[in-house]
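Presented below is the structure to which this report refers.
The values are calculated or read from the model by the stated rules, or taken from the named source; none is laboratory data. Since this is a predicted model, take the numbers as computed values, not measurements. Counting neighbours? That spans all protein chains shown, and the Cβs are built from the backbone with ideal geometry, glycine included. Surface accessibility is based on the protein's heavy atoms, side chains included, excluding ligands, DNA and RNA. Shrake-Rupley method; radii C 1.70, N 1.55, O 1.52, S 1.80 Å.
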Amino acid sequence: MHKKYIKKIAGCFFAILFLATMLDARVQALLNLPDSIVLEKGEQKTIDFQLPFNATIQDPSIDVLMFNGESLAQSDQINLDQPITMESVGSGEVRLSVNALGIFTIKEVTIKVDSAKRLVVGGQSVGVTLFTEGALVVGTSDIIDEYGNTCNPAEQADIKPGDVIIKADGKEIENASNLSQIINSLKKESIELCIDRAGKSIVRQVNAVKDSNDGKYRLGIWVRDSTAGVGTLTFYDPSTGNFGSLGHAITDVDTNTNLSIKEGELFESMVLDVKQGVSGSPGELKGSFDNSPSNMIGKLFSNTDYGIFGKMYEPIENSIYPDSLPIATRDEVKTGKATIVTTVDDTGLKEFDCEIIRVNRQNQPEVKSMVIKITDEDLLERTGGVVQGMSGSPIIQDGKIVGALTHVFVNDPTQGYGIYIEWMLEQTK
């Protein structure tokens, strides 16, 4: 009994010690230390790491950087408890090993010096059409068979909303109507379906039922194979012809499933009206686009959690920023004044003031990288803040593209989330 009591006390002690350690500002600073830092050629940057550790330069012979005015060979040990001024003198990369007690390596940071990636700023309203691979199940329903019995073959076969039917008895499904044609051409009750469920391939055996109304074989499912909508272009990469838009995935309205792309196109679009956002009810840009071939401006190749991406047929231009802008790495993004470029009426591109009020330090791709507050009185008067259709609007800070607007706060439309441009750009590789 006495031993159990001691174990409980020890457990509580270590739990409290762990929490105190995790809350310590220095530990938080270490957890937020980036894996990599990027400098442009000729750039000088000062960073205050606020860490009680030293860092060892692993490549002191490389003439790439100067720390506090000294070459790498002169300063192979760096004190991270003081602000450090880094100045690029060449191209390449250097590795820093952050050491505890001068013995244990607890973190490695790569510092890269290169020409900054430059992108053409977006902000244009664009229309999107997307056709999925296979047929997306959006719901199931009961069927009355030829004998008057009520049944639900899809539920019995464990077919769920969000499943994508890829094949039926080995035949590839081109679209929703094609699935119905194949089911009826087989003229058999037991059919093997190949299904994509959240990225995993599964097989289900389903019994097709002859509907008493029209004599057609049915599975008891509602399916969809396409969608269309309006959003905002984020960037165009003149070196590759690639584009990025939205900053989030296109999902099915009923199942919230990310739609796979069989084919998709990007079109020029016009904003016709604005529904203002108020607390509890998101606003919306009401747009229209002509989906004829003559109005196509790009082709989609992926739909990801971080936006939609593809290739432009022709270079695009931005009237506000005629020259491309460099991108900001995520460690450069800071709280403070910024702007967004977007389209809210038929007059075209406009730049509006905003403020980055929170920055989330992320070492791997995530959608909610920062919180943006709209401060521009003109935009607040027009839209109430962030509204649907503005997703993808590029965010500019200190002459660099830092990210894109993605989601509105439903209870406060003056605020929304943004995603780092780095995470979007990675998706085009």
Just to check I understand the Karplus step: with θ = phi - 60° and J = 6.51 cos²θ - 1.76 cosθ + 1.60, what whole-Hz values come out for segment 69-86, glycine and proline as x? x, 10, 5, 4, 5, 7, 10, 6, 10, 10, 8, 7, 7, 10, x, 10, 9, 9
Using only the Cα atoms of segment 329-402, what are the Rg and Dmax in Å? 12.6, 39
The computed P(r) of segment 285-384 puts the percent of Cα pairs beyond 18 Å at 67
Can you figure out the FRET efficiency of Asp35 with Asp398, using R₀ = 22 Å and their beta-carbon distance, to the nearest 0.05? 0.45
State the answer as a single residue: which of Ile144, Gly122, Val109 lies farthest towards the positive end of the charge dipole of segment 107-146, with beta carbon charges of +1 for Lys and Arg and -1 for Asp and Glu, about the Cα centre. Val109
For segment 36-170, with equal point scatterers placed on the C-alpha atoms only and solvent neglected, what are the log10 I(q)/I(0) values from the Debye formula at q = 0.13, 0.20 1/Å, to two decimals? -0.67, -1.16
Rounded to whole Å, sorted largest first: equivalent-ellipsoid semi-axes of segment 190-265, Cα gyration tensor: 37, 15, 11
Nothing charged except the Cβ atoms of Lys and Arg (+1) and of Asp and Glu (-1): what's the magnitude of the dipole of the chain about its Cα centre? Round to the nearest 20 debye. 1640
Cross-link pairs beyond the 32 Å C-alpha cut-off, checked among Lys167/Lys210; Lys210/Lys286; Lys368/Lys429; Lys45/Lys286: Lys210/Lys286; Lys45/Lys286
I need the semi-axes of the equivalent ellipsoid of segment 227-312: take the C-alpha gyration tensor, multiply each eigenvalue by 5, square-root it, list largest first in whole angstrom. 22, 17, 13
How much accessible area per residue does segment 64-168 have, in Å², with a 1.4 Å probe? 45
Rounded to two decimals, what is Rg over Rh for segment 152-197 when you use alpha-carbon atoms and the Kirkwood radius? 0.93
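Quick one: pull the percent of accessible area on the chain belonging to carbon and sulfur, 1.4 Å probe, ligands and nucleic acids left out.
Of the solvent-accessible surface of the chain, carbon and sulfur hold 50 percent.
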What Kirkwood hydrodynamic radius, in Å, does the chain give when the mean of 1/r is taken over all pairs of distinct Cα atoms and then inverted? 25.2
Accessible surface, per residue, of segment 284-351 when the full set of protein chains is kept, probe 1.4 Å, Å²: 50
Roughly speaking, what % of Cα-Cα pairs in segment 140-246 are separated by over 18 Å, rounded to a whole number? 56
Using only Cα atoms, find the angle between the long axis of helix 2-23 and the longest principal axis of the chain, and express it within 0 to 90 degrees, rounded to the nearest 10. 80
Cα-only Rg/Rh for segment 382-422 with Kirkwood Rh rounds to 1.00
Quick one: Cα convex hull volume of segment 165-310, Å³ per residue? 185
Please list, short to long, the whole-number percent of alpha-carbon pairs of segment 315-356 in consecutive 10 angstrom bins beginning at zero. 21, 48, 28, 3
Can you return the aspartates and glutamates within cross-link range of Lys216? Criterion is Cα-Cα under 17 Å, with same-chain partners fewer than 8 residues away left out. Asp142, Asp145, Glu146, Glu189
Scattering from the C-alpha atoms of segment 66-122 alone, worked out with Debye: what is log10 I(q)/I(0) at q = 0.14 1/Å? -0.50
In degrees, nearest 10, range 0 to 90: what is the angle between the Cα axis of helix 176-186 and the longest Cα principal axis of the chain? 50
Residue separation times 0.36 nm, minus the C-alpha to C-alpha distance between Ile166 and Gln181: what's the value? 4.0 nm
